[in-house]
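Reading through the structure tokens given below for one structure.
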Amino acid sequence: MHARASSTSTGHTHTEETLLLEGEILQQRAWRMPDLIVYQHGPEEWWVAPLDEELPLIRLNRMGASLLGAMDGRSTIKTLLDQFGKWVCGPNHETGCWHLERWSLPRYSLCYYGSEPPSGHSVNAKWDLLLQQVRERWPGNTAVESEDQLTDFHRRGIQGHHGHFEIIETTVSHLLREPCEALHGYSYGRLLSKTLRQLGWWNPKPRLIVEVGAGLGYVSRELVAELSPTERRGIDYVFLDLTRPFLTSQVQLAREAGWTAHAVHANAEALPFAEASVDLVIDNENLADMTPTHFTKEELESGQGATPEHQRALDLIRRLRLNLDRPFPDEAIFNFGAIEFLTELWRVLKPGGHALLIEFGIETGWPDPVRLPGHTEYEVQFSHLRHAARWLGFREQYCALPQLLSIRRDTQVLCTGATYAIRRFCEAKGQSFAVRAYTEPELAKSLGETLPKLTGLHYHNVLDPAWFGLWDFKALILEKPGGFRRPAFQESQGFRWYSQR
Ligand SMILES: C[S@@+](CC[C@H](N)C(=O)[O-])C[C@H]1O[C@@H](n2cnc3c(N)ncnc32)[C@H](O)[C@@H]1O
């Protein structure tokens, strides 16, 4: 690979990496990425989307589409170059050579060049590697492994609003925010609300609910839809978030939906609430954003922290009598912030109060970093969290997210990569398209006449790890003991129904 200066249509010169087509590369063969989505915009125009959102869509004429079609592992790069290299391959006048120099690069990820077909295990390995490289080169992606990068990212890094969850970090609750087949015709938040009802958490009525890290606020909008006007009356719904722009969206959505809602700009690792003042805390896909501690082996072995912060984390581990996995690795990540948050929950929850924490994570070993554009998150070690919760005094229950929500295991949903590509095509056409979990009929309804113009769409079972890894998401269900006995009545439509005990 080499860097070369090129000129854009606006006349600016910038450096762009391209693949030098010479030497061994010429003998390699080319394979189209197996899940490539192609959109036919007109009788003589096709579009494909490079993996990096910063790059413009690739527009192809019939010659360009033939080049794409010829990348089936049979032709060498030399053959493709001879056949298509000098011809104009699209409405923007780029030649076949221009495309061949770029399409296999990580930022494009439209095809793969090699001597062996990218099949079986290796296709995943290569695809993962490509994605990894793209993420690492994301503009503005600095060395994002420091312990305070997450706080910085949320306080300063997030500019946009909606696009953040559509492009940068799509969450489960975002994909499932509208009623969908996978959730028996309900939305994520609505089903969560029903689950809380089954757990008995709406009765007695919580007076103060705090949702931590609510993103755009869809969960709150859907939670309230499950409650009758009498049930929701007198409840204060408070959003606590580190990202100020999100709080605006959260409060707006919640108020429109019927909550009495307020915003608090704060870090969940130090909750600005009085002791025993909160009835219910909901925290959805936020624990992995909390401050990690990066321990060295020496620190873990000696119990001596290299910084006062590390010493606090080590002291906490000692107090909790946390059983850490041995032998210690050279470097280990500990979810310090998430455990501090648990300690804070214990302080602010009323006796009888509840908390529901949902996040992706592991049950054994040490957390791995998960690199996303602009920031790195960390798997949550749930055995550590559960141990800490019990040590604090919580009653805890724990299960995988698909179990909590009884997700319909037979549902087939569109591959998320395809969803991102379709969103880009629609955006270029000035048409709106939301990134969600689509079944075939749901996609047909949403796309209308655009659907038959797309090829390469494929669907996964919703619980297949290849879709979104839903089994990796866990729910920690906490109760602070000591509440009053639940009253022997249920409220419905303004009436109280007493049961006989
Ligand atoms: C991955 S998003 C999840 C958003 C939403 N709950 C969802 O499921 O789509 C993480 C959210 O937590 C917020 N956040 C991250 N770290 C936080 C912290 N330490 N304290 C409070 N909020 C935090 C972010 O601003 C964002 O709203």
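A few comments on the model shown:
- When region 267-291 is filtered for residues that are within 8 Å of the ligand (Cβ to nearest atom) and not in a loop (DSSP other than H, G, I, E, B), the ones remaining, listed by number, are 283, 284, 288, 289.
- The number of residues in region 302-320 that are of a type in the set (A, V, I, L, M, F, W, C) and surrounded by fewer than 16 Cβ atoms within 10 Å (Cβ to Cβ) comes to 1.
- When region 215-248 is limited to residues that are assigned to a helix (DSSP H, G or I), within 15 Å of residue 264 (Cβ to Cβ) and touching a Leu at 6+ places or on another chain (Cβ under 8 Å), the one that is nearest to the ligand (Cβ to nearest atom) turns out to be 246.
- Checking each residue in region 49-68 for being exposed (fewer than 15 other Cβ atoms within 10 Å of the Cβ) and without any contact (Cβ under 8 Å) to a residue 24 or more places away in the chain picks out 56, 62.
- Flag for residue 374 being under 13 Å from residue 290 (Cα atoms), crowded, with 17+ Cβ neighbours inside 10 Å and of a type in the set (Gly, Ala, Ser): no
- Failed condition for residue 347, given (1) assigned to a loop (DSSP other than H, G, I, E, B); (2) assigned by TED's automatic domain parsing to the domain that holds residue 383: (1)
- Residues that are of a type in the set (D, E, K, R), at pLDDT below 95 and within 16 Å of the ligand (Cβ to nearest atom) within region 357-391 comprise 371, 377, listed in sequence order.
- Tally of residues being under 38 Å from the mean Cα position of the chain (by Cα), in contact (Cβ under 8 Å) with a residue 12 or more places away in the chain and part of a helix (DSSP H, G or I) across region 81-105: 4
- Pairing each residue of region 389-403 that is hydroxyl-bearing (Ser, Thr, Tyr) with any residue that is surrounded by 18 or more Cβ atoms within 10 Å (Cβ to Cβ) and part of a strand (DSSP E or B), provided the two are 6+ apart or on different chains, yields C-beta distances under 6 Å for 398/476.
- All positions within region 355-385 that are among the small types (Gly, Ala, Ser) and either without any contact (Cβ under 8 Å) to a residue 12 or more places away in the chain or in a strand (DSSP E or B) (or both): 355, 361
- Region 380-433: number of residues that are closer than 30 Å to residue 452 by Cα and of a type in the set (Gly, Ala, Ser): 6
- Any pair with Cβ under 8 angstrom, 6 or more apart, that starts in region 307-322 at a residue that is part of a helix (DSSP H, G or I) and ends at one that is among the small types (Gly, Ala, Ser): 311/305; 312/305; 313/305; 314/303; 314/305; 318/303; 320/388
- Long-range neighbours under 6 Å by Cβ, at least six apart or interchain, first residue touching a residue at least 24 places away in the same chain (Cβ under 8 Å) within region 23-48, second of a type in the set (S, T, N, Q): 27/76; 28/115; 29/76; 38/455
- Unmet criterion (only one of (1) away from the ligand (no atom under 14 Å from the Cβ); (2) within 24 Å of residue 473 (Cα to Cα)) for residue 204: (2)
- Helices (runs of 4 or more DSSP H) fully within region 136-214 that include at least 3 residues being modelled with pLDDT under 75: 149-152.
- Some residue of region 251-258 being within 11 Å of the ligand (Cβ to nearest atom) and assigned by TED's automatic domain parsing to the domain that holds residue 357: no
- Qualifying residue in region 347-356 (condition: at pLDDT 95 or above, at positive phi, surrounded by 16 or more Cβ atoms within 10 Å (Cβ to Cβ) and more than 26 Å from the chain's Cα centre (by Cα)): yes
- Condition check for residue 425: under 22 Å from residue 43 (Cα atoms) and either surrounded by 15 or more Cβ atoms within 10 Å (Cβ to Cβ) or outside the structural domain of residue 109 (by TED's automatic domain parsing) (or both): yes
- Inter-residue pairs, beta-carbon under 8 Å, first outside the structural domain of residue 402 (by TED's automatic domain parsing) and in region 172-185, second more than 15 Å from the ligand (Cβ to nearest atom) and among the basic types (Lys, Arg), 6+ apart: none
- Any chance residue 299 is away from the ligand (no atom under 16 Å from the Cβ), surrounded by 13 or more Cβ atoms within 10 Å (Cβ to Cβ) and not assigned by TED's automatic domain parsing to the domain that holds residue 385: yes
The values are calculated or read from the model by the stated rules, or taken from the named source; none is laboratory data. All figures in this text were calculated on a predicted structure; none of them were measured in a lab. Backbone-built Cβ (ideal geometry, glycine too); neighbour counts: all protein chains shown.
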